[in-house]
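Below: the structure, in structure tokens.
The values are calculated or read from the model by the stated rules, or taken from the named source; none is laboratory data. Fair warning: this is a prediction, and the values are worked out from it, not measured in the lab. Glycine also receives a Cβ, built like all others from the backbone with ideal geometry; neighbour counts cover every protein chain displayed.
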Number of protein chains: 2
Amino acid sequence: MTFRTYPEFSTHYPLLLTTIMKRPVRMYPDQIGVVYRNPASGAYFRFTWMQWYRRVAQLANGLRGELEVHAGKPGAPGDRIATMALNTHRHLELYYGVTGIGATLHPINVRLSPQHIVYTIRHARDRILFVDDTLMPLLEGIYDQVKDVVELVVYMSDKPGLPQTRIPNIIEYETLIARQAEAIEWPALHEDVNATLCYTTGTTGQPKGATFTHRQLYLLTIHIMAQLAIGNTPDHDIADGLGVRLGEGAVPLLNTPMFHIHGWGQPFVAVYSAQKIVLHGTFTVQGFCELVEREKVTSVGIVATIAAMLLEYPDLKQYDLSSLVRVSVGGGALPLGLKRKLEALIPTFRMSSGYGMTETAPTIVGSFIKKTMVHLDREETDAVLVKSGLPILGVEVEVVDDEGRPVPQDDHTVGEIVVRAPWATEQYFGNPEKSAELWQDGWLHTGDIAKVDAEGYITIADRMKDVIRSGAEMVPTVLLENLIAMADFVHEATVVGVPDPVWGEKPMALVSVRTGFEATEESVIDFLKVHGVETGKITRWMLPKLVAITRDIPKTSVGKYNKKQIRDDLDRFLAIAKDVSHRHG
Amino acid sequence: MTFRTYPEFSTHYPLLLTTIMKRPVRMYPDQIGVVYRNPASGAYFRFTWMQWYRRVAQLANGLRGELEVHAGKPGAPGDRIATMALNTHRHLELYYGVTGIGATLHPINVRLSPQHIVYTIRHARDRILFVDDTLMPLLEGIYDQVKDVVELVVYMSDKPGLPQTRIPNIIEYETLIARQAEAIEWPALHEDVNATLCYTTGTTGQPKGATFTHRQLYLLTIHIMAQLAIGNTPDHDIADGLGVRLGEGAVPLLNTPMFHIHGWGQPFVAVYSAQKIVLHGTFTVQGFCELVEREKVTSVGIVATIAAMLLEYPDLKQYDLSSLVRVSVGGGALPLGLKRKLEALIPTFRMSSGYGMTETAPTIVGSFIKKTMVHLDREETDAVLVKSGLPILGVEVEVVDDEGRPVPQDDHTVGEIVVRAPWATEQYFGNPEKSAELWQDGWLHTGDIAKVDAEGYITIADRMKDVIRSGAEMVPTVLLENLIAMADFVHEATVVGVPDPVWGEKPMALVSVRTGFEATEESVIDFLKVHGVETGKITRWMLPKLVAITRDIPKTSVGKYNKKQIRDDLDRFLAIAKDVSHRHG
């Protein structure tokens, strides 16, 4: 790295993602920093920090020079660069190469419906789109709808050569970077330059693009790290030999997709911590177990669904997973039964919960025990660790009533979670109306409902309005309802989530049939397959698992579907619902 | 704490010291947060976090209301409030009460010469001065020279009532705060408002006042904490049961005076970490040992001189000091010999080094082992931990030659340390000339000389002004001092240059012998020949030409060897020094 002077740094030292990127290169240039296992072929790719850094520099040089990507200024984002990519070393390179030159990274959530993907690309006006080989079919399916916006597609693959494609403006990633210089002088950016653009899944209406600056992401990172330093270890964990600080020697597996709100911060935290980063492309239970065993993975963030899949995996005992001691569960609640079952199966596992959302970057609440609780026994600390948790360092969280007053800490009264944090998004990209709805009276309104106990621990009581969390994904109920209502035979339709041991929640549709028509539960699914899945409006996994044909759908006084009452009377509806998952295929 | 809306926070969320202060109050309102032991009476004072916070709020209300203290704006500091105080709960209250309302805290270094203290008060134009009872004689001695600047003196004591004094405008701290409201709405400050003003000890010329904003001190704090999270633990420490993370359960003794450059950051780090804070007023070896034993202190920062005092303390073995596992040594080099001797005496001790200066707030470099070194044996990790260390997170450090180019990492070539960090002072208060000298080409020039090894570890070789120029060569005095300190018989040792008609300067060593040991001037040279020359650590021409055995080595106010005073009183030391050049051969 060159010795460069920045006279302006004496008075305005900026908080930048390049600072994060440079640290492991300086500390451990010749140590393996990034390991990627191709989930299809099982092939491994290993990079020292210096090798990885040179690739980032080449990427940045290519973007800035050959591809003429422009940097932003405070209040004026640079060019938007999109990714349709899994968790690979290339995606990690894009995280730093794109932002390091002052452009905006837009990691596309490839699990959105194709229509929503099109919407986000057009809304962001993504100039260049980087795509994984495995995601080419998805891109080709929507290409006609974005080709007037996207000037260039960059194809990323472990195999050389371009595929047969009807996309005309396409080049290879490896070829692009191979012809660039390895040396680079990173620009002296302002810390308020936009770095990322992350769209919400858009449960109601269109996706909204939360924006994050370098300063915000740097502060997110350093606060997550500092929070780890003040974590308290229960006496029973120390007795079990699990109290030792991991330090830079931790080996995180970046399991959360990098297209899900910064992969829960890990692409920043792990790099700044100079830890060996393990990438698996996408989750498969076998690939996960192999990587943990081979690379001695110590830490991972997962959704409850993955924990359930591990529990069900028949070959689990064939792997040595004993290196894995920190398992954070996000994206939904951590069921106590699941935590206990999995920790019984793998004695070194320690699972804890957390809470965050796209707009909060996402990390703001984590379940950790107070120092006054270290003497509690395992059953008691488990009961604490399955709560959503406490605000992490630097975050203000309140649970408030309709008047904005904090609810009593009685572990019963619910209110809305409101948040302030140095890394909460300040605004949605090009959407002043929704930004104004998000921020009211200086608080970011999450739309999530929670209760608070006497010790201040927050527990999510209900989802944003009525969204269904199925696995890592949100099922946008209004979209489903609107689709079902389009069927001739449908009078009214509503969709709610019902608890499911594997997925957390699964969608149940209540449908009343128009007089004079006849329809079965299967008819609803058949209609959704034709008019939803095949048209790209929804994906197959969004299909309701249960359907009840009924004339008795509860309503509120203003005529809206009363989902709270449905949930309150759930047994009654479950008794008449029919399992239609066999019809999905 | 009240639920207050700050509409402006949605777009300009500030980094403020009030965020640090509020955390332990929210987390542990009813736990003991601050313990103070009066060093004269031995009496203990204990405060829960809520009690302490209410006192801070009362202080702030008194300052803002009754005393009409004005807040600052970016670029325009608020009123300066001075302290002449030891490490008490009241001083910690002033750290947050003064800064929380936007005023500037000026902690006066009471170990400066009275002339320099007068200079700093007049230069800062301190409106109000808070003084400890024990420091009243010092204040009274200079009062006539500052009375036109200082409008009010606030007297702080554990005993009620004002003393007999000729100072007319004086009120009691406890009376002032007792009549204030306990509730407060902290102002929504800009993060670039000045928070502290810390004068250098001014070994040459007048003291210079380094300024620090809320943002800078917040970033200092969060980076120190994050650095702790990624610390690596040697295998031999884990085997010794010393690898467990301390978390919020750590109990820091704030040993470094709070009037010394933010007490090395501990008044911020310990509060934000919600750890129980132990205050001793001022260091006495007996008070130190009593507090460690009674309060189960885990962590402390000390200067090498204090380590030497512990080593000499005859009653040391009467105390249980086994809770103390983290000992950071700053304010000068950590001699390997001293580390080994003290760790042999107290088996749980683990001492490490560091480097910083007033202008860097001060923490920027710390000695910690790399993750690639955890398997090293104790002797090998000791050799790493006595180096000044590596830059901590967020800090850029280079050691450069006269042209500003990094010196080779050969652990031999010396250069000047230059620094950039988000918390390095941007300017001296009211001193644009010295500010311009400090910052050149975007780097803060420390005036310290160091070498760098192949792994990037920096070792301080000398102050630029203390280095001995002997013939064409430079003799790094700190290197010699550390070598001499390794001898069993050595208690303390320092080396200065004295004029020489042939060589320009020649090295003279002042050595104090450990109680119970006997040694001559020749023993020092013999030791250096065996452990320095023969091991290749120094060359023969670096050997001191003169050695004086003496118990009277001058120290500065911060416990460093006072080389300026040695040079000023040179004749006295030359009179007792013995020419040992005959022993070199």
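Here are a few things to note about the model shown:
- Being touching a strand residue (DSSP E or B) at 6+ places or on another chain (Cβ under 8 Å), buried (at least 17 other Cβ atoms within 10 Å of the Cβ) and closer than 25 Å to A:Ile117 by Cβ holds for only one residue in A:Lys506, A:Lys537, and it is A:Lys506.
- Residue within segment A:199-209 that is crowded, with 24+ Cβ neighbours inside 10 Å, in contact with a strand residue (DSSP E or B) (Cβ under 8 Å, 6 or more places away or on another chain) and not in a loop (DSSP other than H, G, I, E, B) present: yes
- Residue tally, condition among the aliphatic types (A, V, I, L, M) and touching an Asp or Glu at 6+ places or on another chain (Cβ under 8 Å), over segment A:479-501: 5
- Residues satisfying the stated conditions in segment A:517-555, i.e. more than 25 Å from A:Val303 (Cβ to Cβ), aliphatic (A, V, I, L, M) and without any contact (Cβ under 8 Å) to a residue 24 or more places away in the chain: A:Val530
- Taking segment A:19-77 as the range and being more than 14 Å from chain B (Cβ to nearest Cβ), touching a residue at least 24 places away in the same chain (Cβ under 8 Å) and aromatic (Phe, Trp, Tyr) as the test, the residues that pass are A:Tyr36, A:Phe45, A:Phe47, A:Trp52, A:Tyr53.
- Enumeration of residues in segment B:69-88 that are more than 15 Å from B:Asp126 (Cβ to Cβ) and surrounded by fewer than 22 Cβ atoms within 10 Å (Cβ to Cβ): B:Ala71, B:Lys73, B:Pro74, B:Gly75, B:Ala76
- Selection from segment B:379-427 of residues that are among the charged types (D, E, K, R), outside any loop (DSSP other than H, G, I, E, B) and more than 10 Å from chain A (Cβ to nearest Cβ): B:Glu379, B:Glu380, B:Asp382, B:Glu416
- Screening segment B:232-246 for residues that are in contact with an Asp or Glu (Cβ under 8 Å, 6 or more places away or on another chain) and at pLDDT 90 or above and picking the one that is farthest from the other protein chains (Cβ to nearest Cβ) gives B:His236.
- Scanning segment B:442-454 for residues that are in contact with a helix residue (DSSP H, G or I) (Cβ under 8 Å, 6 or more places away or on another chain) and over 16 Å from B:Met357 (Cα atoms) yields one hit, B:Gly442.
- Test for A:His223: is it within 23 Å of A:Thr539 (Cβ to Cβ), at pLDDT 95 or above, part of a helix (DSSP H, G or I) and not assigned by TED's automatic domain parsing to the domain that holds A:Ala71: no
- On inspection, A:Ser523 passes the criterion of being buried (at least 20 other Cβ atoms within 10 Å of the Cβ) and not assigned by TED's automatic domain parsing to the domain that holds A:Leu112.
- Test: residue in segment B:419-441 that is among the aliphatic types (A, V, I, L, M), surrounded by fewer than 21 Cβ atoms within 10 Å (Cβ to Cβ), in contact with a strand residue (DSSP E or B) (Cβ under 6 Å, 6 or more places away or on another chain) and closer than 19 Å to B:Tyr355 by Cα: no
- Within segment B:175-203, residues that are over 30 Å from B:Pro114 (Cα atoms) sit with their Cβ atoms under 8 Å from residues that are of a type in the set (Val, Ile, Thr) and assigned to a loop (DSSP other than H, G, I, E, B), at 6+ positions apart or across chains, in these pairs: B:Ala183/B:Thr2; B:Glu185/B:Thr2; B:Trp186/B:Ile101; B:Pro187/B:Ile101.
- Residues that are in a loop (DSSP other than H, G, I, E, B) and farther than 23 Å from B:Thr477 by Cα were ranked within segment B:363-378; the one that is farthest from the other protein chains (Cβ to nearest Cβ) is B:Asp377.
- Only one of the numbered conditions (1) surrounded by 17 or more Cβ atoms within 10 Å (Cβ to Cβ); (2) within 14 Å of chain B (Cβ to nearest Cβ); (3) assigned to a helix (DSSP H, G or I) is violated by A:Tyr143, and that is (2).
- Among the helices (runs of 4 or more DSSP H) confined to segment A:484-585, the ones with at least 2 residues that are of a type in the set (A, V, I, L, M) are located at A:521-528, A:570-576.
- Selection from segment B:27-70 of residues that are in a helix (DSSP H, G or I) and touching a Gly at 6+ places or on another chain (Cβ under 7 Å): B:Trp49, B:Trp52, B:Val56, B:Leu59, B:Ala60, B:Leu63
- Residues located in segment B:343-352, provided they are touching a Leu at 6+ places or on another chain (Cβ under 9 Å) and either modelled with pLDDT under 90 or assigned to a loop (DSSP other than H, G, I, E, B) (or both): B:Leu345, B:Ile346, B:Thr348, B:Phe349, B:Arg350
- Scanning segment B:328-386 for residues that are of a type in the set (Val, Ile, Thr) and touching a helix residue (DSSP H, G or I) at 6+ places or on another chain (Cβ under 8 Å) yields B:Val329, B:Ile346, B:Thr358, B:Thr363, B:Ile369, B:Val374, B:Thr381, B:Val384, B:Val386.
- Only listed residue being free of Cβ contacts under 8 Å to residues at least 40 places away in the same chain and among the charged types (D, E, K, R), chosen from A:Arg514, A:Arg567: A:Arg514
- Qualifying residue in segment B:37-55 (condition: β-branched (Val, Ile, Thr) and assigned by TED's automatic domain parsing to the domain that holds B:Glu174): no
- Identity of the residue in segment A:24-56, surrounded by 19 or more Cβ atoms within 10 Å (Cβ to Cβ) and charged (D, E, K, R), that ends up farthest from B:Pro406 (Cα to Cα): A:Arg37
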